[in-house]
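Have a look at the structure below before the remarks.
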Amino acid sequence: MATQAADVRVADAPRGRAGAIAAAVKDASGTALLALGLSFPILALRTEQNMANQLVLDQRWSYVAIAVLLAFLARLLYLLRLAFAASPPAPRIAAPAADRPALRLLTMAGVLLLLVYPFLALALVGRAGAIKWIDNFAIQILIYVMLGWGLNIVVGLAGLLDLGYVAFYAIGAYAFALLASHYDLGFWVCLPLAGILAAFWGVLLGFPVLRLRGDYLAIVTLAFGEIIRLVAINWVDLTRGYAGISGVPRATFFGLPFEDSDQGFAAFFGLEFATIHRTIFLFYVILLMAAITNWVTLRLRRLPVGRAWEALREDETACRSLGINTTNTKLTAFALGAMFGGLAGCFYVTSRGQGFVTPESFTFMESALILAIVVLGGLGSQVGVAIAAVVLIGGTELLRELDWTKSIFGRDFEPTHYRMLLFGLAMVLVMIWKPRGVISTRIPSIFLKQRRAVRGDLVGEGHG
Amino acid sequence: MAAPAAPLLTVEHLTMRFGGLVAIDDLSFSARRGDITAVIGPNGAGKTTVFNCVTGFYKPTSGCMVLSPGERSDPAIAQLTASGRGWRAARAGELFLLERMRDFQIARRAKVARTFQNIRLFPGMTVLENLIVAQHNALMRASGWTILGLFGAPGYRKAERVAVERAKYWLDRVALIDRADDPAGDLPYGAQRRLEIARAMCTEPQLLCLDEPAAGLNPRESADLKALLTSIKTEHATSILLIEHDMSVVMEISDHVVVLDYGQKISDGTPDAVRNDPKVVAAYLGVEDEEVEQVEAEIAR
Ligand SMILES: Nc1ncnc2c1ncn2[C@@H]1O[C@H](COP(=O)(O)OP(=O)(O)OP(=O)(O)O)[C@@H](O)[C@H]1O
Ligand SMILES: [Mg+2]
């Protein structure tokens with residue numbers, strides 16, 4: 001809104017560079033003022049404990065100055081670019097067909113890279129470094145890619161806004177932890193069970209709430225996510241509350257445990273024991289799981305259910321006039337999305353080093369993060385969701401690597417503290433640059449002569 | 001014209017209230033098989049509400065609506081009514097009590113298709129996809145409720161080819177075959193209206209309900225529409241229920257006209273009979289009887 005108003009002002013300014021520049025400076029000064037107002041309470045003052053254990057106020061005016069200056073310059077540059085662009089920015093029309101081979105090549109390169117990734121990491125940074133690059137980066141990212149793809153079915157395809165998706169992730173995780181600790185079942189048996197249980201809960205939640213639309217559905221799903229977490233916290237007998245369930249068995253290589261014994265994986269294959277074997281194995285497991293999620297989704301898009309999901313997103317009334325049972329259609333979307341969430345949850349437990357699960361992992365923040373991945377990536381776009389997951393999850397992990405920033409901002413500067421700030425900034429920027437996500441076009445599921453992408457602004461967002 | 005066909009749809013004592021507003025007041029009429037039955041009336045007369053009741057989008061306050069694809073027999077209707085069920089399957093002779101069925105069941109089982117006064121396409125899907133979605137139920141069955149289709153069973157692939165052929169046929173009929181791969185939201189207004197009719201026809205309905213299909217069309221498109229509707233009626237065992245304000249369309253192609261005003265039926269008969277009914281003219285133009293003759297001439301033009 002504000003941006004539009006500013007555009008008009010710049011355009012209305014008296015012809016000539018001087019007028020435009022003056023208007024832009026004025027506008028940018030306003031932005032700087034706003035930045036000052038915002039950064040003053042957040043950045044300028046900080047409470048700290050001194051040696052005597054007293055609380056003292058630490059003043060950091062240089063931080064405020066940097067933030068205000070940055071805001072001013074960014075806004076000024078943005079406005080000047082708009083004012084002096086040779087022509088008004090043309091409406092972005094999807095370049096159809098032409099860029100398709102490029103995209104396909106990129107996808108193929110990506111898949112190839114993924115397949116050799118662990119060994120590439122080993123070769124480049126050695127064993128110690130590789131564990132970090134595989135575990136913290138690749139496995140984390142792939143879990144979120146899978147969660148994003150699962151939620152994409154519900155939000156992106158069927159157009160149902162679900163703010164409590166983490167509930168199904170939690171159900172999958174707890175299903176595995178409980179089944180494993182009570183019935184002594186292994187990962188591979190629990191994996192399908194976790195998926196089925198999550199899908200079952202998806203249907204159970206779906207039945208009463210799917211008659212709600214839009215905001216109401218969003219609120220009820222939000223509540224459901226919180227209920228699951230609170231149950232996990234408070235049903236101490238079953239879940240051990242905040243302490244969580246630990247000692248969940250780790251994934252085995254089809255029965256061969258990753259341990260330093262004669263029955264272990266390394267001994268069986270005549271290798272020297274190394275913890276990285278397990279990490280690499282987990283990498284391929286989640287890669288396979290994500291690949292299956294993608295395959296199923298792409299396949300379903302070309303089947304009547306998938307088309308009905310998208311039609312539902314476009315116009316529910318029209319669907320009913322064509323004899324589509326919209327309740328069942330929504331339930332299948334919910335159940336399937338929940339199932340993938342549950343599978344990811346099961347994997348999550350086994351991928352954690354100590355094999356334990358606590359309620360803290362399933363806060364609303366997690367739901368919001370997954371939803372952000374779907375929205376930023378582009379509703380309904382598989383590639384877009386994957387890109388967004390890499391950027392958001394990989395980006396926050398990368399912050400841990402930015403030790404060199406300490407040399408600029410001082411010893412006690414901790415880049416990870418700014419995670420949320422940068423996260424928000426990234427979201428705002430993407431939404432300005434591409435309001436419908438990184439990949440906003442929709443690829444038709446069937447064609448007569450030529451498959452041409454559908455412009456994002458025509459595609460519906462669903463009403464719940 | 002041949003001997004009068006049996007009624008396909010009979011509406012009896014239909015009443016629909018919205019709070020204190022009586023949108024339909026004790027309306028009875030029937031639509032015969034193979035006919036184009038027009039429902040006309042001034043704005044707000046309750047025409048769209050009748051459609052919404054027939055297609056299950058509204059639950060009527062009272063009244064019954066019977067759709068009988070086969071021979072209509074009163075004992076059978078009485079028996080079905082007493083049984084408490086909404087429909088009777090094909091092997092016993094199909095019969096549907098529409099007021100007991102939900103919207104999608106009416107479309108799926110009773111084979112009643114409809115279009116909307118304010119067009120409702122799937123704008124972000126291509127023209128072809130719109131027509132494939134319309135064949136959802138047949139394709140769903142062929143895909144073994146998704147399970148067979150997921151693994152690419154040949155039966156499903158064949159069914160999809162058949163569905164595409166049917167879509168192509170209708171795209172040809174409404175002159176949209178060249179735009180099959182364009183998003184429906186990109187089509188001009190007239191083409192969207194035609195696409196909506198094609199989409200409804202892809203469900204292979206026995207009753208097609210059209211809510212103001214000629215609204216916003218230019219005279220050429222209007223003429224094409226008349227030809228299309230006539231051919232749907234003759235070539236495709238599909239009866240038509242038509243709401244329309246454009247009198248040239250109504251008078252030219254309909255076999256039977258029902259006139260509503262304030263939710264009540266004020267006239268019912270052949271186009272000629274209705275055209276000459278002073279009550280109709282008065283309702284339409286809100287004039288006194290003395291002026292009727294003068295206005296009549298204008299309408300008849
Ligand atoms: N869902 C509803 N809730 C309340 N009132 C309604 C509803 N639907 C229709 N009505 C009222 O019922 C009356 C009949 O409306 P309807 O839409 O059936 O008229 P219509 O004959 O189709 O008119 P038009 O020619 O303008 O389309 C109107 O007074 C309308 O305001
Ligand atoms: Mg109407």
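The values are calculated or read from the model by the stated rules, or taken from the named source; none is laboratory data. Small disclaimer: the values here were computed from a predicted structure and weren't measured. Ideal geometry is used to build each Cβ from the backbone, glycine not excepted, and the neighbour counts take in all protein chains shown. Please note that ligands, DNA and RNA were not included when accessible areas were found on the heavy atoms of the full protein model with its side chains. Shrake-Rupley method; radii C 1.70, N 1.55, O 1.52, S 1.80 Å.
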* Helix-only [θ]222 nm of the protein assembly as shown, DSSP H runs n ≥ 4, -39500 (n - 2.57) each, per residue, nearest 500 -> -17000 deg cm²/dmol
* Structure fact -> Shape call for the stretch A:125-242, from the Cα gyration tensor axes a ≥ b ≥ c (a/c under 1.5 means rounded, otherwise prolate when a/b beats b/c, else oblate), comes out oblate
* Structure fact -> So, with points 7 Å from each Cα along the Cβ direction, the residue B:264-residue A:136 label distance in nm works out to 8.2
* Structure fact -> Note on chain A: helices (DSSP H) long enough, at least 18 Å by alpha carbon along their axis, and hydrophobic enough, mean Kyte-Doolittle at least -0.5, are A:17-39, A:61-84, A:100-132, A:166-183, A:187-209, A:214-234, A:276-301, A:326-351, A:364-377, A:419-433
* Structure fact -> In whole µm²/s, the translational diffusion coefficient that Stokes-Einstein assigns to the stretch A:16-84, given a Kirkwood hydrodynamic radius over C-alpha pairs, 25 °C and 0.890 mPa s, equals 180
* Structure fact -> With the stretch A:229-334 reduced to its Cα atoms and the Debye formula applied, log10 I(q)/I(0) at q = 0.10, 0.19 1/Å amounts to -0.62, -0.92
* Semi-axes, largest first, in whole Å: what does sqrt of 5 times each Cα gyration tensor eigenvalue give for chain B? -> 33, 25, 17
* **Length added when fully stretched, residue A:417-residue A:365, from 0.36 nm per residue minus Cα-Cα** => 17.2 nm
* Structure fact -> FRET efficiency for residue B:161 and residue B:223 from the Cβ-Cβ distance with R0 = 35 Å, rounded to 0.05, comes out at 0.55
* Structure fact -> Taking r as the C-beta separation of residue A:328 and residue A:428 and R0 as 22 Å, the FRET efficiency to the nearest 0.05 is 0.05
* Buried area at the B-A interface (accessible, heavy atoms, 1.4 Å probe, summed, Å²) -> 3500
* Which links in B:158/B:226; B:111/B:158; A:449/B:47 stretch past 31 Å when you go from one Cα to the other? -> B:158/B:226; A:449/B:47
* Structure fact -> Averaging 1/r across every pair of distinct alpha carbons in the stretch B:183-265 and inverting yields a Kirkwood hydrodynamic radius, in angstrom, of 13.6
* Asked: Given H placed on each backbone N at 1.01 Å, which residues far from residue B:146 in sequence or on other chains put an amide H within less than 5 Å of it?
  -> none
* To do: Assign one of three labels to chain A, namely rounded, prolate or oblate, based on the Cα gyration tensor with a ≥ b ≥ c the square roots of its eigenvalues; rounded applies when a/c is under 1.5, prolate when it is not and a/b is larger than b/c, and oblate otherwise.
  => oblate
* **Binned Cα-Cα distances of the stretch B:120-204, short to long, each 10 Å bin given as a whole percent** => 19, 48, 26, 7
* Asked: Could you give the radius of gyration (one decimal) and Dmax (whole number) of the Cα atoms in the stretch A:138-190, in Å?
  -> 13.6, 39
* To do: Give, as a single signed number, the net charge of other residues whose beta carbon lies under 9 Å from the beta carbon of residue B:256, with Lys and Arg counted +1 and Asp and Glu -1.
  => -2
* Structure fact -> Under 5 Å from the placed amide H of residue B:209, counting only residues 5+ away or on other chains, we find B:113, B:114, B:115, B:241
* Loop GluC sites (Glu not before Pro), the stretch B:30-120, which have at most 13 other Cβ atoms in a 10 Å radius of their Cβ (DSSP) -> B:71
* Structure fact -> Amide H neighbours of residue B:261 at under 5 Å, excluding residues fewer than 5 places away on the same chain, with H built from the backbone geometry, are B:266
* Roughly how many debye, to the nearest 20, is the charge dipole of chain B about its Cα centre, given +1 on each Lys and Arg Cβ, -1 on each Asp and Glu Cβ, and no other charges? -> 1960
* Asked: Based on the Cβ-Cβ distance from residue A:123 to residue A:400, what FRET efficiency comes out when R0 is 35 Å, to the nearest 0.05?
  -> 0.95
* Structure fact -> Using alpha carbon centers only, the stretch A:184-201 is separated from the stretch A:267-330 by a whole-angstrom value of 16
